[in-house]
Amino acid sequence: MSDWVPSAPCTPAACIGPADRPVSVPHAALRLAAVLTLLLAAALVLPAGRRIPPGVIRRWCRTLVRAAGVRLTLTGAAAPTGGLLLVANHVSWLDIPLLAAVRPARMLAKSDIRHWPVAGALAARGGTLFIDRDRLSTLPHTVGALAEALRRGAAVGVFPEGSTWCGRAQGPFRRAAFQAALDAHVPVQPVHLRYRHTDGPPSAAPAYIGEDSLLTSVWRVVRTRDLVAEVAVRPPIPPGTHPDRRALAHAAHPTAPAPRASHPPHRIPAPRPTRAPLLRGRTP
């Protein structure tokens with residue numbers, strides 16, 4: 001692996017404590033079955049591609065998150081239409097459907113994801129743009145592909161930290177993807193993701209970090225009680241407001257002060273509670 005590949009200091013042993021009041025194993029198994037059923041259903045309809053209305057994709061993403069036992073809250077301004085670079089901090093595999101719940105987008109992902117069971121096939125069929133993080137020479141080509149997709153009016157989702165963090169700490173935003181937004185002259189939509197328990201304290205249970213396998217991370221989520229995913233959509237950053245990618249990346253980071261909107265934001269309506277068909281017991 002190249003020295004330039006982003007990494008985080010987070011590990012399950014250091015960042016994730018023992019489960020607090022976990023749900024029963026049968027309840028967790030029902031949640032897992034519901035998640036897998038939704039993924040397989042998506043794989044069957046994915047060949048329809050762009051004919052699927054964005055509203056349907058948003059509802060499916062919210063249902064997937066709820067099926068895993070996670071309650072979703074969305075706040076902030078609605079994402080604009082047209083070419084748009086969606087950027088967010090990266091904590092969990094759940095981040096992908098959460099970002100799509102804001103606006104369905106083509107994702108930028110590491111090439112390893114192609115080989116994930118079920119999810120890898122979904123990503124490839126869904127138009128994911130892959131980056132080979134072990135080959136720095138491919139970066140200009142990736143930035144060019146990103147810019148071309150943005151010019152065509154697509155939304156592209158990126159996690160600029162380049163690696164997952166536990167959520168209690170966050171890494172710097174890598175700047176390459178922001179160059180694509182500058183080249184395509186499109187806005188950047190910052191999104192802040194946070195996981196907590198219903199009674200308030202932050203939770204690292206959804207984190208997909210260190211040497212965790214995907215299945216281990218998914219099982220930890222479905223066994224955790226009373227998880228909430230908070231999705232805060234900040235005002236978009238218009239093109240031409242920052243001179244270079246360094247300044248743009250800094251302005252989009254979750255720790256940067258949110259700019260004041262020039263007009264009152266359109267609030268995203270709270271999603272109605274949903275329940276996957278396989279869930280019949282108590283839900284958080």
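The values are calculated or read from the model by the stated rules, or taken from the named source; none is laboratory data. Because the structure is a prediction, the values reported are computed rather than measured. Please note: Cβ atoms are built from the backbone with ideal geometry, for glycine as well, and neighbour counts cover all protein chains shown. These accessible areas exclude ligands, DNA and RNA; they are computed on the full protein's heavy atoms, side chains included. Shrake-Rupley method; radii C 1.70, N 1.55, O 1.52, S 1.80 Å.
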Test V191 against the criterion of being touching a strand residue (DSSP E or B) at 6+ places or on another chain (Cβ under 9 Å) and either open to solvent by 10 Å² or more (accessible area, probe 1.4 Å) or not in a loop (DSSP other than H, G, I, E, B) (or both), and give yes or no.
yes
The lone condition P104 fails out of (1) open to solvent by less than 40 Å² (accessible area, probe 1.4 Å); (2) farther than 24 Å from R151 by Cβ is (2)
Is it true that G55 is part of a loop (DSSP other than H, G, I, E, B), of a type outside the set (D, E, K, R) and surrounded by fewer than 18 Cβ atoms within 10 Å (Cβ to Cβ)?
no
Scanning region 62-93 for residues that are in a helix (DSSP H, G or I) and out of contact with any strand residue (DSSP E or B) (no Cβ under 9 Å at 6 or more places or on another chain) gives T63, L64, A67
Exception for G17 within (1) assigned to a helix (DSSP H, G or I); (2) loosely packed, with under 12 Cβ neighbours inside 10 Å; (3) touching a residue at least 12 places away in the same chain (Cβ under 8 Å) falls at (1)
Of all residues being of a type in the set (A, V, I, L, M, F, W, C) and open to solvent by 10 Å² or more (accessible area, probe 1.4 Å) in region 135-157, which is nearest to A247 (Cα to Cα)? Just the residue, please.
V143
Can you name the residue in region 255-265 that is open to solvent by 40 Å² or more (accessible area, probe 1.4 Å) and among the small types (G, A, S) and, of all such residues, is modelled with the highest pLDDT?
A258
Contact list, first residue from region 172-199 and at positive phi and at pLDDT 95 or above, second anywhere and among the small types (G, A, S) and not in a strand (DSSP E or B), beta-carbon distance below 9 Å, six or more apart or interchain, is H185/G83; H185/G240
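Using the structure shown, decide if Q179 is within 15 Å of the chain's Cα centre (by Cα) and either under 17 Å from L99 (Cα atoms) or open to solvent by 10 Å² or more (accessible area, probe 1.4 Å) (or both).
no
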Options P47, P97: the member that is part of a helix (DSSP H, G or I), open to solvent by 40 Å² or more (accessible area, probe 1.4 Å), at pLDDT below 95 and out of contact with any Ser or Thr (no Cβ under 6 Å at 6 or more places or on another chain)
P47
How many residues, within region 197-254, are in a loop (DSSP other than H, G, I, E, B), more than 22 Å from A79 (Cβ to Cβ), open to solvent by 20 Å² or more (accessible area, probe 1.4 Å) and of a type in the set (S, T, N, Q)?
2
